[in-house]
Ligand code: TRP
Ligand code: SF4
């Protein structure tokens, strides 16, 4: 299937509980921007959730539709992005299996999250085959759509790195076609004479002088071509270093800036710290949570001046308030002109204002589950079309098609 010429972006989220404002500010707002620029695939990573929640998977079942509704409610647009559920596309699993044949065990053992998470989640037994293999499943998730970019936080960069290594090895082992050179020639024709000449020059300079910059320029040239299919782009990319067709492109991590979203206690907002406000938290609970939030411990009495930099409430003002409000807080706090309850009022209002339309839209989807199921069914169909095409190429490359 030819795509629109846009690069693909893929990202997944584990359905392991309610989404909160940290997800909104840290991840979802980023998705909203990406969906305008790229062909996006966003999926519910239910199998990934199972790697850590296998003892009690009911939380996954409870969270799947709520998560999709949260996405839709914040403005993820099913007209622009494909929204689907991982386990409905079993091709991800087939690809993981096939990749597992040529992935050294040591590559998985040295992924930092493997040991880190086992230590962090010591209440769970994560000495399983599924948990060890989970970054390879993630590799399959990414490359089955030939995604160019993967928006991830710092903790997931190593997983994209693994995907790149697996892709290189796979392309090296299986990226040979009998009529490779002819296909390269015909792909070059589609780019036009001028671009084809530039491609040849850059390839020569890379191959003969080892000019890495030329390689990068050639890759950029290929990425900018609208007239060639993904398959052709991979051939031309593989031809640059002479190894044959690159069946998979190497995905790049798009590092999402670390979420600045503070929780109710000033630490990063996270379910495991119990300091969250959920995306659709009801307004009176939002008010309660903010009203009872801790403040600068030095402000024991109303007349004691405070120091915003030592106060978790201030961290939230930094996310939600405009300059005037922030000036008012700094001035009022350090001179004890305002009390902490006053200080929290504009914050309560901002959070409620932010959540109002989200809650309303979520309500509409909650009242219309058929629409939500339809959106996911369409997204799954679209994802499956791409995944099937890739898996056929892979079976072919691995000599698994017996005619
Ligand atoms: N592993 C990711 C997480 O735990 C979720 C995920 C699964 C993902 N597959 C992915 C993210 C592919 C990006 C791309 O958050
Ligand atoms: Fe924190 Fe505001 Fe109270 Fe100062 S006035 S301590 S910033 S809540």
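Within segment 69-113, count every residue that is assigned to a helix (DSSP H, G or I) and more than 14 Å from residue 32 (Cα to Cα). Walk me through how you get there before you give the answer.
Here is the first cut: in segment 69-113, the residues assigned to a helix (DSSP H, G or I) are 69-74, 86-88, 91-100, 105-109, 112-113.
Retained after the next criterion (residues that are more than 14 Å from residue 32 (Cα to Cα)): 69, 86-88, 91-100, 105-109, 112-113.
The total comes to 21.
Before we move on, is residue 151 surrounded by 14 or more Cβ atoms within 10 Å (Cβ to Cβ), within 14 Å of ligand 1 (Cβ to nearest atom), in the same structural domain as residue 391 (by TED's automatic domain parsing) and in contact (Cβ under 8 Å) with a residue 24 or more places away in the chain? Talk me through it step by step, then tell me what you get.
Numbers: surrounded by 14 or more Cβ atoms within 10 Å (Cβ to Cβ): yes; within 14 Å of ligand 1 (Cβ to nearest atom): yes; in the same structural domain as residue 391 (by TED's automatic domain parsing): yes; in contact (Cβ under 8 Å) with a residue 24 or more places away in the chain: yes.
Here the answer is yes, as residue 151 does meet what is asked.
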Exercise. Only one of these conditions is not met by residue 374: (1) surrounded by 13 or more Cβ atoms within 10 Å (Cβ to Cβ); (2) in the same structural domain as residue 12 (by TED's automatic domain parsing). Which number is it?
Worked result: (1)
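Kindly indicate whether residue 141 is in contact (Cβ under 8 Å) with a residue 60 or more places away in the chain, part of a helix (DSSP H, G or I) and away from ligand 2 (no atom under 16 Å from the Cβ).
Working: in contact (Cβ under 8 Å) with a residue 60 or more places away in the chain: yes; part of a helix (DSSP H, G or I): yes; away from ligand 2 (no atom under 16 Å from the Cβ): yes.
Spelling it out, residue 141 is indeed in contact (Cβ under 8 Å) with a residue 60 or more places away in the chain, part of a helix (DSSP H, G or I) and away from ligand 2 (no atom under 16 Å from the Cβ).
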Problem set entry | Sole exception among (1) more than 9 Å from ligand 2 (Cβ to nearest atom); (2) modelled with pLDDT of 95 or more for residue 329, by number | (1)
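Is it fair to say residue 307 is modelled with pLDDT under 95, within 12 Å of ligand 2 (Cβ to nearest atom) and surrounded by 12 or more Cβ atoms within 10 Å (Cβ to Cβ)?
On the way: modelled with pLDDT under 95: no; within 12 Å of ligand 2 (Cβ to nearest atom): yes; surrounded by 12 or more Cβ atoms within 10 Å (Cβ to Cβ): yes.
When the stated conditions are applied, residue 307 does not pass them.
A quick yes/no check of all residues on (1) closer than 25 Å to residue 186 by Cα; (2) modelled with pLDDT of 95 or more; (3) assigned to a loop (DSSP other than H, G, I, E, B):
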| site | (1), (2), (3) |
| --- | --- |
| 213 | no, no, no |
| 245 | yes, no, yes |
| 272 | no, no, no |
| 284 | no, yes, no |
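Rundown of residues vs (1) touching a residue at least 60 places away in the same chain (Cβ under 8 Å); (2) closer than 19 Å to residue 261 by Cα; (3) assigned to a loop (DSSP other than H, G, I, E, B), yes/no style:
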| site | (1), (2), (3) |
| --- | --- |
| 293 | no, yes, yes |
| 313 | no, yes, no |
| 318 | no, yes, no |
| 338 | no, no, yes |
| 357 | no, no, no |
| 375 | yes, no, no |
| 384 | yes, no, no |
| 401 | no, no, yes |
Problem set entry | Search result, residues across segment 63-91 that are touching a residue at least 12 places away in the same chain (Cβ under 8 Å) and more than 16 Å from ligand 1 (Cβ to nearest atom) | 65, 66, 69, 72, 73, 74, 75, 77, 78, 80
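The values are calculated or read from the model by the stated rules, or taken from the named source; none is laboratory data. Small disclaimer: the values here were computed from a predicted structure and weren't measured. Glycine also receives a Cβ, built like all others from the backbone with ideal geometry; neighbour counts cover every protein chain displayed.
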